[in-house]
1. Can you find, within segment 143-157, the residue that is nearest to Ile100 (Cα to Cα) among those that are surrounded by fewer than 20 Cβ atoms within 10 Å (Cβ to Cβ) and not charged (D, E, K, R)?
2. In this structure, does Val515 turn out to be β-branched (Val, Ile, Thr), closer than 23 Å to Leu600 by Cβ and either touching a residue at least 24 places away in the same chain (Cβ under 8 Å) or out of contact with any Leu (no Cβ under 8 Å at 6 or more places or on another chain) (or both)?
3. So, restricting to strands (runs of 3 or more DSSP E) that lie completely within segment 412-531, which ones have at least 1 residues that are touching an Asp or Glu at 6+ places or on another chain (Cβ under 6 Å)?
4. Listed residues Glu636, Glu622, Glu658; which is touching a residue at least 12 places away in the same chain (Cβ under 8 Å) and among the acidic types (Asp, Glu)?
5. Condition first: of a type outside the set (A, V, I, L, M, F, W, C), over 16 Å from Tyr319 (Cβ atoms) and buried (at least 19 other Cβ atoms within 10 Å of the Cβ). Now tell me which residues in segment 284-302 satisfy that.
6. Of the numbered conditions (1) farther than 21 Å from Tyr175 by Cα; (2) in contact with a helix residue (DSSP H, G or I) (Cβ under 6 Å, 6 or more places away or on another chain), Phe225 satisfies every one except a single condition; which is it?
7. Sort out which residues of segment 204-225 are exposed (fewer than 14 other Cβ atoms within 10 Å of the Cβ) and closer than 24 Å to Lys264 by Cα, and write them in order of number.
8. Considering only segment 352-359, I want to know if a residue exists there that is assigned to a strand (DSSP E or B), buried (at least 16 other Cβ atoms within 10 Å of the Cβ), under 23 Å from the mean Cα position of the chain (by Cα) and touching a residue at least 40 places away in the same chain (Cβ under 8 Å).
Amino acid sequence: MQLNMAILIRGVGKVKTRSAGVFVIVLFGLLAADCFAAENIPLENYGRLPAVASMAISPSGARIAFHRMDETVDAIFMVERQSGEVIGVVDGSETKIRDIVFLDEDRLILFAEESEHVKKIGRKLEISGSFIFDRRTNTLSALLEKSGLVYPLQTGVGQIVGHDAKRDALIMPAYIGKVSGTPATYGLMEVTPDKPDGHLLTRGTEDTVGWFVDDKGQIIAEEDFDPDSHRRRIWGRNGSKRVLVYDPGRDGPSYSIVGLGERKNLVVVSTRPAGSDFNVYYEMNLDDGSVGAPLFKRDDTNVEMPLVDLGRHVYGVQYSGFMPTYEFFDAELTARVQAVQAAVKNTAAYLVDWTPDFEFLLFRLSGGWTSGAYVLVGPDSPTPKLLAAEREDIPAAAVVPTTISSYAARDGMEIPALVTVRADIKEAGNAPLVVIPHGGPAAYDHFEFDWMAQYFASRGMVVLQPQFRGSTGFGASLRRAGIGQWGGTMSTDLDDGVQHLVDAGLVNPQRVCMVGASYGGYAALAAGAFSKFDYKCLVAIAGVSDLPRMLITEREKYGDDSRQVAYWQDELNNQGKRDQALDGISPVNFAEKFRSPVLLLHGKDDAVVPLDQSLRMNKALERANKPVQMIKLKGEDHYLSSSETRIETLRSVAKFLETNL
């Protein structure tokens, strides 16, 4: 378990002299008039990763950090916000940086991942890890990387669940044990600057899923999950002893802890009340397990996630939906965020970071009139101040409008959807259509600049992104309706979306293609195997084709009794059934039914959906004498994390659509 990162120690002085030209954040006139039409933007501009990503602001608001990726550099920069002076640089070219957080004014926590082949199990895992960069000493410390206690074959190392600022200690969970010997158990580690490999605070039981600690790093709550009963129990502490605080029993509500409450011995918990379509946040007293009145609740949408600091203190929430909305304990703060969103109307404004006093608020804008940007609001910038464009080579004038819509499925269920189409194409009607089902399937599309959808739309196609049943973000009814419906109504929802646009006179029914990744890849293959609609071509990127084999992979990774396997068995409605029952909804078994050309793309380093899933589908289609192309993406993971393979993917798909659509 080793992630490669390096500090550009010798480069900092030189970088400062070059900052104005290359490395400093470019203030960019996104709303300025631009003469470029969408179809004139090169394909590479869409496929390339955003030039600026993962921005964060320091506790004082004086400094910012960001990940810059372009043809000349792939690095994390710490800069003085007012002057743009670069004061620290970390090379990010060898590792996939997923997030950046300021630990204090001079130190960053970098969360990273890397695909690694594990000989012991004969396949790749997506290994995660955390690093601390100290700009004063130009040192980079890997956390838990060389610990003799930490089990080496795990994917979740690097999570931080608590921060004791006084002792400069970070609290991190990890599986404890060795490859040979007794099974690994979940444990809680403490990391300090002099001990970056950590020491063990406690071990959990076989059902433990997490701990919550106070500002002194002391455990105050623990949560476990029984994969057989699907019950979550909450434990408190009496000294070093665990004390059961809440057990839902057979019929009680199941609460999950999401963070620490406003006062001592209170935690914020989430549940979906009986008969409700949406979840609610409450405060639970760890003395007796009592639950107060709702803290955060809406009747039209879910609470999607808490807004927390490094110690997981809850300050507010983000609600789900195509466009994010926010609510805080502090009503004035809620009003400030709403004012920012109103000021940048017709785009999605995501709150990505803030100073501890909430004087400075950092937002990421995406969709509508921008291809992505970061803006700051604070005492010296009461109106949103533009810091950086995500994609400097796709100007506002080239962004194709996306419309929030919905349609009725054949059984009457309302399916939310996004439709992206150029105004001239919309007026003309009779356009080619690309359907892009999202991955997950327990996920949903957001109103933002989608690089693949935008490219297709820029070339004169209509793009439909349906939130088919099984999707999250729009209530429990839509989510539950997808259980056991792989290859069933989850697929017919996509066909019904096509028919809706055909009936509206917008698209040509003879020119429809489906392009999906992960679960969306399964959906594209299921369209070939089971749909009665005549799709002209199908593209599956890292798609699942053989469901019994997928379950075998999950069992190998997590164990038969894991909550991950329990989730997939629930998702497929396969509890108590033989895996062979899933053969009837596995596209690999129905190659002879395909009527459309198929393009398969799969990362060779995919640790989520094995490459074998596409290889088997390819072989089955070839045996059935069906037109199929297979492209292996060298060095790529499940998420198309590199610009090179994203461009290769987009170029291959574009050529395939041009030939067949």
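1. So, considering only residues that are surrounded by fewer than 20 Cβ atoms within 10 Å (Cβ to Cβ) and not charged (D, E, K, R), the one nearest to Ile100 (Cα to Cα) is Gly156.
2. Here the answer is yes, as Val515 does meet what is asked.
3. 414-420, 462-466
4. Answer to the check: Glu636.
5. Listed by number, the list is empty, since nothing qualifies.
6. Going through (1) farther than 21 Å from Tyr175 by Cα; (2) in contact with a helix residue (DSSP H, G or I) (Cβ under 6 Å, 6 or more places away or on another chain) one by one, Phe225 breaks only (1).
7. Selection gives Lys216, Gln218.
8. yes
The values are calculated or read from the model by the stated rules, or taken from the named source; none is laboratory data. For clarity, every value in this text was computed on a predicted model and none was experimentally measured. Here the Cβ is made from the backbone with ideal geometry for all residues, glycine too, and neighbour counts use every protein chain on show.
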